[in-house]
Structures are given as structure tokens and as C-alpha cells.
1. Need the failing condition index for Gln173 against (1) of a type in the set (S, T, N, Q); (2) open to solvent by 40 Å² or more (accessible area, probe 1.4 Å); (3) closer than 26 Å to Glu118 by Cβ, just the number.
2. Which condition from (1) modelled with pLDDT of 95 or more; (2) in a helix (DSSP H, G or I); (3) of a type outside the set (D, E, K, R) is the one that Ser93 breaks?
3. Of the conditions (1) modelled with pLDDT under 95; (2) more than 17 Å from Thr222 (Cα to Cα), Asp79 satisfies every one except a single condition; which number is it?
4. Scan the stretch 314-333 and report the pairs whose first residue is under 18 Å from Glu10 (Cα atoms) and whose second residue is surrounded by fewer than 18 Cβ atoms within 10 Å (Cβ to Cβ), with Cβ atoms within less than 8 Å and a gap of 6+ or a chain change.
5. Out of Leu322, Leu330, which single residue is out of contact with any helix residue (DSSP H, G or I) (no Cβ under 9 Å at 6 or more places or on another chain), of a type in the set (A, V, I, L, M, F, W, C) and at pLDDT 95 or above?
6. Residues being more than 15 Å from Pro246 (Cα to Cα) and of a type in the set (Phe, Trp, Tyr): count how many of those fall in the stretch 194-234.
7. Considering only residues of the stretch 282-318 that are in a loop (DSSP other than H, G, I, E, B) and hydrophobic (A, V, I, L, M, F, W, C), which is surrounded by the fewest Cβ atoms within 10 Å (Cβ to Cβ)?
8. Can you name every residue in the stretch 230-281 that is open to solvent by 50 Å² or more (accessible area, probe 1.4 Å), part of a strand (DSSP E or B) and either in contact with a helix residue (DSSP H, G or I) (Cβ under 8 Å, 6 or more places away or on another chain) or closer than 17 Å to Leu199 by Cα (or both)?
Amino acid sequence: SFRLAGHRLEPRAPAVEMVQVAGQVGGIQAQVMSAAEMALGVRVDGITRADVARALWVDRTLVKTWAVRGTLHLLPSADLPVFMAACRSRSDSWWRAWERHFGLSRPEVERLVDAIGEALNGRTLTRRDLIEAAVSRLGGSDRVRAEMESGWGTLLKPAARAGVLCFGPSRGQEVTFVRADQWVRGWRDLEEVEAAVELLRRYLRANAPANREDFGRWLGMTPVVRRAWSELLPELQAVEGGFALPDYEPLPLPASCLRLLPYFDVYLLSHAKRTHLVAGELLHRVSRTAGWIAPVILSGRVVAGTWELRGGAVVVDEFRPLTLRERRELAREVVRLGRFLGASVMLG
């Protein structure tokens, strides 16, 4: 119940807190943009997809970039410096593995980050234009060009962590990039461990009880995980096999709470293991190949099945027969999803 409240699943947040919710849960994973929109929609009452787009591209109160675990997220713009500083550090062994795999040394990557920052200074560029501008500053490296053209954005992530790159508004089907420290108002540089401690506090406010492995898996196993945990540990209390902040108090389980969580929902990505939510023999139906996390029906404390949207119909795959009350709640959630999407959605 503490985690349901921390993730704004029960009770949900009012519309005015949409941006705050994105930060409270530690960012909204955005590899699939429609899923990121729905992750906010399931937590916040009275919003639509248009509200998410407006926050991203008009108000600039949300920002899209690579964040924890090196994956795309929507974050509150005001929190971006904290997330980037906490995600920035890399070990010497990580850099050696990077060089073996990509053939780029750390100094070469740093020069690339500088070139990206120069190319984006005061400009909004498509991926193709950014690649050409940055590569030309490095003398026309075909190897760098090939890696930058990769859809994974591997060589763009260091620039994101350095605060010189984030996503701008798309031009048709083409994504664009801008300088994060210019796009986000009030940018500030933070020390890495300080930022990681702040994220650890936020993480525990939403996900306690948890341990260092949980936090490390959520943030990404960077060198600051151990240091941040050690620094905050004297303040923490041991709770139910994990740790929590001093003001942690367990909450009574709500009488009922059924939610349709989309692909890659942060609620399923916040701990090293998911067996507290999904029985081991069912885990493969949620944690799928290539790192895909399925959309799930969350009922109270456990996952009761998966779902997907097919041509305007929500099609469910139950892990066990849903009760009559759960079916009524599911029908309400489907109607609510349709309102958020601005489309007719029915239960298939």
C-alpha cells in the first residue's frame, strides 16, 4: 500500500500534479511513447495525451531524454540536472569495456560530447543533421557516424548525461534534439554523489522497503550507488527485509485497486526481483524477451494478468479468473483509458 501510494496508483493524483508525479515515481520510461503517456494517465485524473504533449513541447515542464538504466524517460524539467548528475558516473572497467566494444576511448567520447554541444548551441537539429554537424567537427569519422545512426542512441547518451542534449519537438516523423542546459530553465550543475543521495531519498519515498541491490538495479549499476547508499544508511530504518526513510509508515491495503499498467511501467521496474508481484511460473509472461515488460492488470498487491490494445479493444490474458468486482473495476478502467486517449475503447 505504501508503494501504491508512492507511485500515485492509489489514490491517483489530480491533474495539476501531473509533472510532479513523473518525478515522484523516478521518471516515466519512454521507449514506447504511447506507453509513457498511459503511465501518466493511469496515475493522474483528468488529463489526456494532449496534456502530456503540451508539458513536453510547449510548457517544457517535462523533458524526454536518456536517464536511469540508460533508457528513455520523461522527467520533470526541474529535476533533470539531478537525474543527469546521478547517472553520469562510469567506472574505469566500464570505459574499458566501452572502448573494446565501440573502439572509442574515453577522451574520444568526451570530444564527441563537446562536438554535440557545439552543434546544438542555440539550435534544434534532427538526428541526421546533428550527426553530420558533430561528425564534421571530429574530422568525418565513419565509425562515429555509423554508431550515432543506431536507433539505440548509444553515442548520444553520454551527451545527455553531460547536460548538452535532450529531445526537442519532432518534425513530422523525425526526432529532434536540443541542448538540455538551454532547453531547461534554471539548469544547474550538481555533484554526482549529492545527486545520487537525493535520488535515493526519492526512490525510497516511492519504493520502500528496498535494499541497495534494488536501488542499484533501478538507477543502473554506476559507481555512485554504493557511495550514496553508504551515506544515507545511518538515517534509514530496517523494515520487512529492506530499508526505509525514518518517516516510513505502512498503510492499510485499499479495499480494492485495479489498474491497467502499460508497457515498461515503472511500478514493475523498481526492484531487482518481481516475485512479490508475479509468481515465478508466470514471470515469463510479464518479463519478456529482449527486456520487454508487458502491460499488466495490477489488482491490489499482485499482477492478475496482462493486456494489450488491439484496434480499439482491450484484450486481457488472465493469470487466474478475475472476480466479479475485479471485472467491474476493469470495465471502469477501460472507459477511463478511452477518455485519456480521446478514443472509443471497449473491453474485448
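1. Just one mismatch for Gln173, condition (3).
2. Every condition holds for Ser93 apart from (1).
3. It is condition (1) that Asp79 fails.
4. These pairs meet every condition: Arg325/Ser256; Glu326/Ser256; Glu329/Ser256; Leu330/Leu347; Ala331/Leu347.
5. Testing whether each residue is out of contact with any helix residue (DSSP H, G or I) (no Cβ under 9 Å at 6 or more places or on another chain), of a type in the set (A, V, I, L, M, F, W, C) and at pLDDT 95 or above leaves just Leu330.
6. Selection size over the stretch 194-234: 2.
7. Applying the filter and picking the extreme gives Trp292.
8. Scanning the stretch 230-281 gives a single hit, Phe243.
The values are calculated or read from the model by the stated rules, or taken from the named source; none is laboratory data. Everything quoted here is computed from the prediction, not taken from an experiment. Please note: Cβ atoms are built from the backbone with ideal geometry, for glycine as well, and neighbour counts cover all protein chains shown. Each accessible area value is taken on the protein alone, full model and side chains, heavy atoms only, with ligands, DNA and RNA left out. Shrake-Rupley method; radii C 1.70, N 1.55, O 1.52, S 1.80 Å.
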